[in-house]
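What follows is a short report on a single structure.
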Amino acid sequence: MKFYSTKRQAPETDLKEAVLRSLPADRGLYMPETLTAMPADYWANLEELSFPELSFQFANNLLQGSVPAEALKEIVYDAVNFEAPLVELNEDLSCLELFHGPSLAFKDFGARFMSRLMSHLVKGEDKTLDILVATSGDTGGAVALGFYKTPNIRVTILYPSGKVSLLQEKQLTTLGENITAVEVDGTFDDCQRLVKAAFLDEELSNKFNLSSANSINIARLIPQAFYYIRAFQQRKDKNRPVAMCVPSGNFGNITAGLMAKRMGLPIEQFIASNNSNDVFFEYLKTGEYSPRPSVRTYSNAMDVGSPSNFQRIQDLYDASVEAIRKDVKAYRFDDMETLTAIKEMKYRFDYVACPHTAVGYLGAKAFHQENPDHQVIFQATAHAAKFIDVVEDTLDESIEIPEALEVLQNRLKVAVPMSVEFEDFKKYLLER
Ligand SMILES: *Cc1c(COP(=O)(O)O)cnc(C)c1O
């Protein structure tokens, strides 16, 4: 399988280069050359497949031999070792829980698959692979846990100071070993800019074997398609159309779903639910795409003012806003609405949701009011306890903390302070 850049100004590459380079030289994003439809009997016999098996068959068809089937099977089975259960709220709405992995957010799917794939791709090489990753909150923890102690791979995580939750910060600053946290005095967009600049810097690329673990990396995207298929498999009513609502920030998650749809996944409608960082919502409404600086919200992992994967969505639909509108609806909700939704979900369904999940719920509810024939699934992208302060304040009661987070409370934070200037970051990388 070949991979091309969405900007078409860089040469096509194979899987290894697309994954390890992460970003083509023309600043586009890699996409697989073809999205081959799954054979009809895959969908017909879907009920019989386990989660890792349906994931493996999908990945194997997508990658078309780029990884030998035996090796790919091992990677997928090892990565997808936790469930994505569909929890029914009522006959119209259900919630796809994506937080049963080690960092308690959906990004575990991407990080676990990617670490194992990268490890496979660099097998037998002697130079350390240096992974740089910017996080708005949840990527950092998932990548830290996904790559912890992976041989020959060193990970540097940039996060915006004071803009991630205490527990998120603990997840990425307390592991040590091959994981380093860099605390940037700026926003997520600053972190992302520093990482992108590092990749385009000649001196750094010559000295280090640099790679990225952000959602711009195609290896993160592929495994995010798996749980869309798992969700569809668990749908309650086999005769009703399915809509999937995705609380969206950098748009990697929903892009993976749209790629699966292109490969035959029978989910009829996708819904992108935005917080006040609503450039995609505005784009669908007006046809104009105007990225702008992000603003801070309670659903901080979605505080993205310039979503990277917008390029991939444009590419999938030949830059036709009409074509995108057919498959994707968008909604936008502010912080007040988010908090009200957290309360509503608790009182109506006895369901405790994190702020991102609440934004997803609101999108699902709004879509359902306009399309009552659909059964709507929304994604619970993180465990509520990862955002314990805002959830407990909102519900005015204490919530249960899973053990994976409990053990972090007393660990010591270790992070390297950093300005938003690229020269400072570069100096740090060269001298450490
Ligand atoms: C990353 C994240 C999102 C946004 O996902 P994108 O792929 O960036 O659109 C939503 N919710 C949570 C909890 C996240 O960690």
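The values are calculated or read from the model by the stated rules, or taken from the named source; none is laboratory data. Treat the numbers as computed from the prediction; the structure is a model and nothing was measured. Cβ atoms come from the backbone with ideal geometry, glycine included; neighbour counts cover every protein chain shown. SASA here: full protein model, heavy atoms, side chains in, ligands and nucleic acids out. Shrake-Rupley method; radii C 1.70, N 1.55, O 1.52, S 1.80 Å.
Could you list all residues from region 328-340 that are assigned to a helix (DSSP H, G or I), touching a residue at least 12 places away in the same chain (Cβ under 8 Å) and more than 14 Å from the ligand (Cβ to nearest atom)? Before the answer, list the steps.
The initial filter retains those residues of region 328-340 that are assigned to a helix (DSSP H, G or I), namely 335-340.
Then drop every residue that is not touching a residue at least 12 places away in the same chain (Cβ under 8 Å), which leaves 335, 337-339.
335, 337, 339 - these are the residues of region 328-340 that are assigned to a helix (DSSP H, G or I), touching a residue at least 12 places away in the same chain (Cβ under 8 Å) and more than 14 Å from the ligand (Cβ to nearest atom).
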Only residues that are open to solvent by less than 10 Å² (accessible area, probe 1.4 Å), assigned to a loop (DSSP other than H, G, I, E, B) and touching a residue at least 60 places away in the same chain (Cβ under 8 Å): list them for region 1-35, please. 22, 28, 29
Among the listed residues 41, 78, which satisfies the condition of being surrounded by fewer than 16 Cβ atoms within 10 Å (Cβ to Cβ) and under 21 Å from the mean Cα position of the chain (by Cα)? 78
Could you look through region 91-123, keep only residues that are over 15 Å from the mean Cα position of the chain (by Cα) and among the hydrophobic types (A, V, I, L, M, F, W, C), and pick out the one that is farthest from residue 146 (Cα to Cα)? 93
Of the conditions (1) surrounded by fewer than 22 Cβ atoms within 10 Å (Cβ to Cβ); (2) on the phi > 0 side of the Ramachandran plot, residue 208 fails just one. Which one is it? (2)
Residues of region 271-287 satisfying the condition of being crowded, with 24+ Cβ neighbours inside 10 Å and among the hydrophobic types (A, V, I, L, M, F, W, C): 271, 272, 280
Please state which of the following conditions residue 367 fails to meet, knowing it meets all the rest: (1) more than 16 Å from the ligand (Cβ to nearest atom); (2) open to solvent by 10 Å² or more (accessible area, probe 1.4 Å); (3) not polar (S, T, N, Q). (2)
Please enumerate the residues belonging to region 177-211 that are within 16 Å of the ligand (Cβ to nearest atom) and in contact with a strand residue (DSSP E or B) (Cβ under 6 Å, 6 or more places away or on another chain). 187, 188, 191, 192, 195
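Just for strands (runs of 3 or more DSSP E) wholly inside region 78-164: which have at least 3 residues that are over 22 Å from residue 413 (Cα atoms) and away from the ligand (no atom under 16 Å from the Cβ)?
Numbers: elements: 86-88, 93-97, 129-134, 153-160.
Strands (runs of 3 or more DSSP E) meeting the threshold: 86-88.
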Among the residues of region 329-364, which ones are open to solvent by 20 Å² or more (accessible area, probe 1.4 Å), hydroxyl-bearing (Ser, Thr, Tyr) and touching a strand residue (DSSP E or B) at 6+ places or on another chain (Cβ under 6 Å)? 331
The one condition residue 186 fails out of (1) assigned to a loop (DSSP other than H, G, I, E, B); (2) in contact with a Phe, Trp or Tyr (Cβ under 9 Å, 6 or more places away or on another chain); (3) farther than 18 Å from residue 104 by Cα is (2)
Checked region 41-72 for anything part of a helix (DSSP H, G or I), within 21 Å of residue 100 (Cα to Cα) and not hydrophobic (A, V, I, L, M, F, W, C); matches are 52, 53, 55
Mind checking which pairs have a first residue in region 36-49 that is in contact (Cβ under 8 Å) with a residue 60 or more places away in the chain and a second that is assigned to a loop (DSSP other than H, G, I, E, B), Cβ under 6 Å, 6 or more apart or different chains? 37/263; 37/264; 38/263; 38/264
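Given the criteria in contact with a Cys (Cβ under 7 Å, 6 or more places away or on another chain) and either at negative phi or polar (S, T, N, Q) (or both), does residue 324 qualify? Let's see the steps before the verdict.
Details: in contact with a Cys (Cβ under 7 Å, 6 or more places away or on another chain): no; either at negative phi or polar (S, T, N, Q) (or both): yes.
No: the conditions fail for residue 324.
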Among all residue pairs at least 6 apart or on different chains, which show Cβ distances below 7 Å where the first residue, located in region 311-325, is within 19 Å of residue 263 (Cα to Cα) and the second is charged (D, E, K, R) and open to solvent by 20 Å² or more (accessible area, probe 1.4 Å)? 316/262
Given the criteria under 26 Å from residue 66 (Cα atoms) and among the aromatic types (Phe, Trp, Tyr), does residue 113 qualify? yes
